[in-house]
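For reference, the structure is listed below as structure tokens.
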Amino acid sequence: MLKKIHWGHGVAIALGSFIAFILFMIFIFPNGKQNSELVSQNYYEDELAYQKVIDAKKNADQLSEKPQYQQNKEGIRITFPSNASIDQNLVSFELYRTDDANLDVKKEISVDAQNALLIPAKVLTNGSYTLKLKWKSNKKPYQLDYDILWK
């Protein structure tokens, strides 16, 4: 036989629920958080130099043909238009992982005879990357950003 629940029981249930919620927030909730880090350790200096990035992106937006990327089992192949002239044939790329800075990849590499370069699959792990592609043509900087999901 059930007893009637009066206001004292309601207060005890509310207090118990509140304590259970607080304990959940302390012990269970932090375990589900992902590793989030700053995108850059030198964010202040990067912010001061950001006008150069804006100019480089603006220059890239004005290109009639932009570099294209393809993913295959060898890695990520980036192909520049055949008429593109790249100063010293050097292109730098940065692959950023927002969830783990240890998985970032930064490199400067020469393009091959077909105006292409390959980022090998062995330096990539499954997940989401931001590819920042930077190069100069006639001493004019260019930058394109691509969001890539590597599987």
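Values quoted throughout were computed directly from the atomic coordinates according to the rules given, and no laboratory measurement underlies them. This structure is a prediction, so every number in the text was calculated from the model and none was measured.
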Note, ³J(HN,Hα) from phi for the stretch 108-119, Karplus 6.51, -1.76, 1.60, rounded to Hz, x at Gly and Pro: 10, 9, 8, 7, 7, 5, 8, 6, 9, 9, 10, 9
Rounded tilt (10° steps) of 50-61 against the dominant C-alpha axis of the chain: 60
Cα-based helix-to-principal-axis angle, 7-27 vs the chain, degrees rounded to 10: 30
Relative contact order (%) - the chain, alpha-carbon pairs under 8 angstrom, separation at least six: 22
Eligible lysines near Lys140 by straight Cα distance, threshold 23 Å, same-chain separation 8 or greater: Lys52, Lys57, Lys58, Lys66, Lys106, Lys107, Lys132
